[in-house]
1. Can you give the charge dipole size of the chain about its Cα centre, rounded to the nearest 20 debye, using +1 on the beta carbon of Lys and Arg and -1 on the beta carbon of Asp and Glu?
2. How much accessible surface does D66 have with a 1.4 Å probe, in Å² rounded to 10?
3. Would you mind telling me which residue in G61, G13, G41 has the biggest mean-square fluctuation in a Gaussian network model of the chain, where springs connect alpha carbons within a distance under 10 angstrom?
4. Between L76 and H43, how many nm apart are label points set 7 Å from Cα along the C-beta direction?
5. For the chain, what % of the accessible area comes from carbon and sulfur atoms, probe 1.4 Å?
6. Starting from the residue with the highest accessible area, list E53, E62 in decreasing order, probe 1.4 Å.
7. With every protein chain left in place, what is the accessible area of I6 in Å² (1.4 Å probe, nearest 10)?
8. Just read off the accessible area of L19 with the full protein assembly in place, 1.4 Å probe, to the nearest 10 Å².
Amino acid sequence: MTRVEIEYCVPCGFRERALDVQRAILAACEDEIDELALVMGEHGVFRVLVGEEIVFDKDEGEFDVDAIARDVRAAL
């Protein structure tokens, strides 16, 4: 069991995107994680970490809620 973190840019208005990813992760693997944190950031950030591993970064991939949830599950 581990921590999952969703860091999102507040000034960019990514809150709803972060909440969508949070819901998808909880639906896919709620029983396998200890903590799911929303971390407010800036400078266009949107990334998802499992422990110390970055499983999604908007600068490196296309935003797909279901794919992010699958990648989180695979990293657990």
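1. 200
2. Rounded to the nearest 10, that gives 100 Å².
3. G61
4. With each label placed 7 Å out from Cα toward Cβ, I get 3.1 nm.
5. 43
6. From most exposed to least exposed: E62, E53.
7. Surface accessible to solvent at I6 totals approximately 0 Å².
8. Surface accessible to solvent at L19 totals approximately 40 Å².
The values are calculated or read from the model by the stated rules, or taken from the named source; none is laboratory data. From a predicted model like this one, the values you see are computed outputs, not experimental measurements. Please note: Cβ atoms are built from the backbone with ideal geometry, for glycine as well, and neighbour counts cover all protein chains shown. All accessible areas refer to the heavy atoms of the entire protein, side chains included, with ligands and DNA or RNA removed. Shrake-Rupley method; radii C 1.70, N 1.55, O 1.52, S 1.80 Å.
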